[in-house]
1. Just want the answer: with Cβ charges of +1 for Lys and Arg and -1 for Asp and Glu, which residue in B:Leu167, B:Gly240, B:Thr144 is farthest toward the dipole's positive end in the stretch B:142-240?
2. Would you compute, from DSSP H runs of 4+ residues alone, the mean residue ellipticity of the protein assembly as shown at 222 nm, taking -39500 (n - 2.57) per run and dividing by the full residue count, rounded to the nearest 500?
3. Ignoring ligands, DNA and RNA, what percent of the 1.4 Å accessible area of the protein assembly as shown is carbon and sulfur?
4. Along each of its three principal axes, how wide is the spread of alpha-carbon positions in the stretch B:233-300, in whole angstrom units, largest first?
5. Report the Stokes-Einstein translational diffusion coefficient (µm² s⁻¹, integer) for the protein assembly as shown, Rh taken as the Kirkwood radius over Cα pairs, at 25 °C with viscosity 0.890 mPa s.
6. Could you work out, residue by residue across B:296-308, how many beta carbons of other chains sit within 10 Å of that residue's beta carbon, and then give the average as an integer?
7. At 1.4 Å probe radius, can you tell me the per residue accessible area of chain B in Å²?
8. Could you tell me which residue out of B:Val216, B:Ile263, B:Thr293 lies farthest along the dipole of the stretch B:210-311 toward its positive end? Charges go on the beta carbon: Lys and Arg +1, Asp and Glu -1, centred on the Cα centre.
Amino acid sequence: MDVATPKAAILEARGISKTFGRVTALSDATFSAYAGEVSAIVGDNGAGKSTFIKILSGAIAPSGGDFLLDGKPVHLTSPQDARDHGIETVYQDLALAPSLDVASNLFLGREARLPGILGRLGFLDDRLMRARARQELEDLQVGLSSVSQPVFTLSGGQRQAIAVARATAWGKRIVIMDEPTAALGVRESAMVLKLIERIKQNGVAVIMISHSMPEVFEVADRITILRLGRTVRQMRRDETTMTDVVAFMTGASVEFVQEIER
Amino acid sequence: MSKTATANPPAKSAAPRNIFARSTNLYIFFVLIALIAFFSLISPNHAFFDRGNFVNIAWDTAEILLLAIGETFVIITAGIDLSVGTVLMLSGVVASWVIAQMGGPPALVASGHFPNAGTAIPLGIAVAIVIGGIAGLINGTLVTRLRMPAFIVTLGVFSIANGLGDLVSSSGAAGQSAIPPVPESFANTLGNGNLVFGLPTLVVIAAFIALVTHVVLTRTLFGRRTFAVGSNPEGSRLAGVPVTSHLIWVYTFAGFMAGLAGILDLARFHATDIQGHSLDNLDAIAAVVIGGTSLFGGTGSILGTVIGAFIPTVLRYGFTIQGISSFWQDVVVGAIIIVAVLFDQIRRRRVT
Ligand SMILES: Nc1ncnc2c1ncn2[C@@H]1O[C@H](COP(=O)(O)OP(=O)(O)OP(=O)(O)O)[C@@H](O)[C@H]1O
Ligand SMILES: [Mg+2]
C-alpha cells in the first residue's frame, strides 16, 4: 500500500533479499525513509528486521534488490561507505568497546589527531575528543559524571545513550536504530525516545526497529511491517491502529487479534 | 542533568583511561617493591641491595621484556603468540649464519677474524629482524584472513621456527660443522657494552623500547585501535576500524620484537642457544599476565608488563643469594601467575 506524498524519499529500498546459506532472512523487503520523520520497522522475532537494517547500514551485502539514496542508486560496500553517505547506525548489541572510555567510544573509528607532525605520527587529541564528547552528551541531555570512565562502568541505559549519541553526533542525514529501548527501564526509554524526537526535529531521517507498539505509535510517522522476510505493509501511523499492525505482523486476522486483546 | 556533564572539572577528565588496569599496575608494583625490600633485608650483609646485583637483574629481564612488549599488544587484542621464543632462536641462528657467511674467508672466520664485519653485521641484524617480522606476518595473516585460532597458528609457527633453527644451526656455516661465534666487536658493543650510566646496552635498548611502546599504546591511534579491537572486534569493524589489517600489524610487531631480541641475545652470548628459548614464550606471557594485561583483551599496559617481567628475575636472584633452589622460583612464579589470572577473572566479571 503506497502512501501518496509530495515529499521525496531520502532513502528507498526495493525488493531487498538476503540468504545465509540455506536460510532466507529476507525475500522481498521494501522500505522508504523521509527527512525529518521517524520510520518504524516492526515484525515478529526472526522477521528479518536486524538483517534488513544491517543491509541499510552497509554491514552486510544484500543478495538482491535496489537501493536508492536521494533517488540515485547506490551500492553500500561497508559501514564506512554508509557513513560517508551520512548514514549512522545503533546496532542491537550497541557495538561499543566496553573497556574504552566514553569519549573514545564516541570517536571510535573517527579518532581526532593532534594538529601538525604529531598528528601525522598518529598521536591522538584526547583533550579535544573529551571536550567534544562532553558537549555532545550535554546537547542530548545525557547525564554522565565523566567522559573518561570506561563504558563497562555504565548502566545499560547509559550505554544505550552513548551508542545513540555516537550515531546522532555523526549521522547528519540518516540514523538507524535497532531496538534502541529494548534493554531499558521506563525512565531511560523515555529519554531515548526524547532523543529520537530531537534528532528528527533537526531534519534527520530516523529509522527505528521496535517491539513495543505503544512506543512505535508514540514516535513513528510511518510504519513498515515485515513478516517472514517480506514487507507486508507500509503505512502512515495515523492511518492505522495497533490492532491492525499486530494482525499484519503475525498474519492473523484483525478479528483474531481483537479476540486475543479482549 | 546536563549540569553533571558540564560541572565536570577538567582535572577529572585527565583521569586515567582505565582505572582498573592502572590499579593493577599499582598493586603489582608494590609486590615488586616488597620483594626487593624483603630480599634486601634478609640477604646476608644485604648483598641483594647492591648496584651490581640490580644491573644483573635488569640485564636478565631485558630480553624477556622485549618479547613481552610484543606479546602485550597481541594479548590486548585478545590474541596470543606462542611462537616468540623459537622465532627469537631462528632469527639469532640465521643472523649468526649470515654473519659467518659474509664475514670473510672460511678459514679466517673459523679463527675468529671477520674482515668483512662492517657489512656482515648490519646484514645479519637486518635478516634477523626481517625473519621475525615475516613470522609475525604469517601469524597475523593466518589468524585474521583464515580465521584460525591464534593459539593453534602460533603453536604451529613455534614448531616450524624451532625446526628451521635446528636445521640451519646443524648445517653449519663457512665450511664448519657448526656456526662460529659472532665477531668480538659485535659482542662487545651490542652484547656486553655499557651504553650510558654503566648500564648494559641491552638494558638501555629495552628501556627505550618500553618507553616508546608505552607512548604508542596510550597516546596514539595504533594503541587506541589495539584496545578497541581487543574490547569488541565486531563493534570496532562496524565503527570503521580496519580490524584485519590492524591485527596483522600487531602480530608482525610481536615477530619483529622477537627478531630484535634474537639479535641482542646473539650479541650477548656470542651464539644462539638452540634449546634455551623454547620456554621464552611462557616467560613472556607470564610477564604480561602478571602485569595485569587481561587475557580477555581490551585492557593492559606496558608499565605493568615491565613490572611483570621483573618479578620472576627478582625471585630467582633473591633465592640464589639465599641459597634456595632455583626450582622454587618456578613454583612461586606459577602461583603468582594463577593469582594474576584470578584477578583478571574477577575484573572480567565486572566488565560484562
Ligand atoms: N548471520 C546469519 N547466519 C545465518 N542466519 C542468520 C544470520 N543472521 C540472521 N539469520 C537468520 O535470518 C532470520 C532473520 O533474522 P534477524 O536477526 O534479521 O531477525 P529480527 O527480525 O531482527 O529478529 P529479532 O526480533 O529477534 O531481533 C532469522 O531466521 C535468523 O536466524
Ligand atoms: Mg533483531
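1. The residue sitting most towards the positive pole is B:Gly240.
2. So the helix-based figure for the protein assembly as shown works out to -18000 deg cm²/dmol.
3. 62 percent
4. 49, 25, 16 Å, listed from the longest principal axis down.
5. Stokes-Einstein gives a translational diffusion coefficient of 89 µm²/s.
6. Average per residue, whole number: 1.
7. Roughly 43 Å² per residue, with all protein chains present.
8. The listed residue farthest towards the positive side: B:Val216.
The values are calculated or read from the model by the stated rules, or taken from the named source; none is laboratory data. Computed from a predicted structure; not experimentally measured. A quick note on method: Cβ atoms are made from the backbone with ideal geometry, for glycine too, and the neighbour counts reach across all protein chains shown. With ligands, DNA and RNA removed, areas are computed over all heavy atoms of the protein, side chains included. Shrake-Rupley method; radii C 1.70, N 1.55, O 1.52, S 1.80 Å.
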